[in-house]
1. Please find, within the range 190-234, the residue that is modelled with the lowest pLDDT out of those that are closer than 29 Å to residue 98 by Cβ and either in contact with a Cys (Cβ under 6 Å, 6 or more places away or on another chain) or not in a helix (DSSP H, G or I) (or both).
2. Does the range 61-101 hold any residues that are at pLDDT 90 or above and aromatic (Phe, Trp, Tyr), and which are they?
3. Mind checking which residues of the range 182-201 are under 14 Å from residue 133 (Cβ atoms) and among the small types (Gly, Ala, Ser)?
4. Tell me yes or no: at least one residue of the range 156-169 is touching a helix residue (DSSP H, G or I) at 6+ places or on another chain (Cβ under 7 Å), in a helix (DSSP H, G or I) and basic (Lys, Arg).
5. Name the pairs: first residue in the range 154-179 and more than 14 Å from residue 101 (Cα to Cα), second residue modelled with pLDDT of 80 or more and of a type in the set (D, E, K, R), Cβ to Cβ under 8 Å, at least 6 apart or on different chains?
6. Quick one: in the range 142-162, which of the residues that are among the hydrophobic types (A, V, I, L, M, F, W, C) and surrounded by fewer than 17 Cβ atoms within 10 Å (Cβ to Cβ) is farthest from residue 178 (Cα to Cα)?
7. Out of all the residues in the range 39-60, which are within 25 Å of the chain's Cα centre (by Cα) and at pLDDT 90 or above?
Amino acid sequence: MADEDETNEDVNVKLLKKNRKNIVEALSHGHSKAWDEVFEKFSNVKQGGLNSEDCHQVQAQEIVEDKIRKCLDIVDGKGEESAKSFLNILYKLQHSFPHLGLWIKDYPGRNEESVNEAEKIIRGLQDGKLPFFLKMENSSLSEELWETFPDMCDAVEEAQLLPNFTLKDFEEFKRNTSNNRVNCLLDLIMEKGAGSFRCFCKILLQDDRMKVPMLKSINKLESDKMKKELRVWGKSSTFHFNED
């Protein structure tokens with residue numbers, strides 16, 4: 001029980017540690033005023049924010065990346081309340097930092113209604129239809145997936161839908177700029193079966209950039225043309241399903 005309590009209390013601290021590299025990169029990308037906005041807001045937080053000595057330590061660093069790292073070190077030392085305050089600021093300002101990973105959209109809890117909505121949308125999709133859907137709609141989704149590829153890789157890796165890459169191999173895969181990188185990602189997910197397809201569809205539906213094209217693609221499954229193609233595909237596929 002003690003271990004469980006400790007985990008619950010440290011959830012925000014652990015989230016900051018896990019995404020520290022992404023936070024430093026995202027907040028230091030572009031003009032330094034981006035970081036200045038976060039710093040100003042965090043230094044004015046009464047509960048868990050930065051006091052005058054903390055601010056001096058942060059500002060004493062010469063480059064923006066080191067200022068952010070020092071701030072995160074201080075937050076880590078202060079504990080859970082400070083981590084929660086810092087994450088709340090990032091969550092509210094996330095649109096100012098396009099390089100923040102998809103993980104920030106899940107804080108706090110990615111709004112349960114969004115998750116529930118995604119669950120409801122794909123609940124009617126049989127497991128056997130999911131690999132067909134991803135393959136057939138690859139061209140419709142690939143443009144959006146191409147633009148969000150690094151973030152999508154992070155989300156997929158966090159959901160444990162990819163093979164056990166080393167950190168180096170995973171980072172290289174994320175930086176892949178080949179024309180077939182989306183196909184490679186889909187193939188890797190498909191290797192793990194229907195449960196992975198379903199989880200991946202949930203991830204796509206919870207992403208603001210992917211939701212609309214996903215809904216359009218899902219609606220296509222009800223067309224006579226797609227039903228016919230699905231029957232043909234099902235006969236040659238190793239995945240078995242019952243037609244509606």
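The values are calculated or read from the model by the stated rules, or taken from the named source; none is laboratory data. Remember, it's a predicted structure, so these values are computed and weren't measured experimentally. Neighbour counts are summed over all protein chains in view; Cβ atoms, including those assigned to glycine, are modelled from backbone coordinates with ideal geometry.
1. Of everything passing the filter in the range 190-234, 208 is modelled with the lowest pLDDT.
2. Listed by number, the list holds a single entry, 86.
3. Selection gives 194, 196.
4. No, the conditions are met nowhere in the range 156-169.
5. Pairs found: 165/157; 170/157.
6. 159
7. Listed by number, the residues that qualify are 39, 42.
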